[in-house]
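**Q** Have a look at the structure that comes next, please.
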Amino acid sequence: MTTEQLTSVTGGSGNVLTTSGDKIGSIGQVYVDDTTGDPTWVTAKTGLFGTSESFVPLEGASVQGSDILVNYDKDTVKDAPRVDADGALSPEEEETLYSHYGLSSSGGGYTSGTTTGGDSDYGVNSTDRDVVDRDRDFDRDGVDQVGHDTSGPTTDDAMTLSEERLNVGTQKREAGRARLRKYVVTENVTQTVPVSREEVRLEREPITDANIGDATSGPAISEEEHEVILHEERPVVEKEAAPVERVRLDTETVTEQATVSEDVRKEQVDTDVDGDRTNR
């Protein structure tokens with residue numbers, strides 16, 4: 001496979017497919033040999049939201065429309081060792097990938113192993129390789145890395161969803177003041193009490209031997225006046241202050257139900273795969 005063939009697929013929305021047509025992932029980046037300029041690796045974006053890239057050898061691969069067909073099944077690619085698509089492959093990373101795909105790099109190149117594919121020599125050496133950016137026609141300065149937030153630093157292949165939760169409690173505060181005050185009122189009290197008085201009553205008694213002396217002690221015929229003092233009772237009012245009861249101001253706690261309402265925010269996520277958007 002030549003660089004010219006890959007130019008038509010790296011700038012679009014093509015996928016990495018198996019020879020049976022199963023989709024492994026969307027095309028990520030193409031790696032070329034820094035000596036020969038031949039394409040040797042392609043990354044397939046896999047995982048949630050395509051945030052993980054798996055390296056796939058381009059040995060025996062072909063271009064079909066906007067897609068690349070490789071001679072490896074989906075499970076083999078997804079189980080490949082994780083290598084950061086940071087713009088270069090170290091010799092150690094290459095050896096790890098070769099071992100996984102059953103390839104060898106002896107003699108300055110690699111040949112087909114247990115997987116299907118041709119025995120072509122690609123002249124791969126252990127030096128750094130140029131990264132072909134899909135959007136900038138193999139310009140390694142324009143590599144679009146995955147696995148990072150657009151507003152933050154590089155992260156793993158997952159994102160964290162957060163939400164606000166309503167925590168409701170109570171707080172004691174001063175609601176008012178109560179005072180105990182006494183004042184004087186005047187009311188009319190009516191009571192009935194018995195009162196006595198003396199009245200004049202005329203009593204007559206006959207002359208007897210017992211009172212004959214008193215009866216004849218004065219002149220026989222004369223005028224005389226006798227005075228008697230009369231007495232009576234009158235109501236007398238006297239007031240006194242007397243304690244009747246004690247009062248104090250106390251408090252008691254009553255409980256009632258109160259309803260609160262508040263707006264809370266939560267983060268949601270949607271997936272957009274080949275134009276199909278799903279909200280979650």
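**Q** Could you name the lysines whose alpha carbon sits less than 30 Å from that of LYS78, not counting residues in the same chain fewer than 8 places away?
**A** Of all the lysines, those that pass the test against LYS78 - Cα under 30 Å, at least 8 places apart if same chain - are LYS23, LYS45.
**Q** What ³J(HN,Hα) values, in whole Hz, does the Karplus curve 6.51 cos²θ - 1.76 cosθ + 1.60 give for the range 180-191 when θ = phi - 60°, with x put for Gly and Pro?
**A** For the range 180-191, the Karplus-derived couplings read 9, 9, 10, 9, 9, 10, 10, 9, 8, 10, 10, 9 Hz, x marking Gly and Pro.
**Q** Moving on. Which ordering of THR40, THR208, THR19 is given by a fewest-first count of other beta-carbon atoms within 10 Å?
**A** The most exposed by this proxy come first: THR208, THR19, THR40.
**Q** Counting only residues 5 or more places away or on other chains, whose amide H sits under 5 Å from the amide H of VAL42 once H atoms are built in the peptide plane?
**A** TYR31, VAL56, LEU58
**Q** Enumerate the calculated ³J(HN,Hα) couplings along the range 249-254 in order (Karplus 6.51 cos²θ - 1.76 cosθ + 1.60, θ = phi - 60°), each rounded to whole Hz, writing x wherever the residue is Gly or Pro.
**A** 9, 10, 10, 9, 9, 10
**Q** According to a simple spin-label model (label point 7 Å from Cα along Cα-to-Cβ), what is the distance in nm between LYS172 and VAL260?
**A** Here the answer is 1.8 nm between the modelled labels.
Every read-out reported here was derived from the displayed coordinates using simple, explicitly stated rules and does not represent laboratory data. Owing to the predicted nature of the structure, the values given are computational and were not obtained by experimental measurement. All Cβ positions, even for glycine, are placed from backbone atoms using ideal geometry, and neighbour counts span all protein chains on display.
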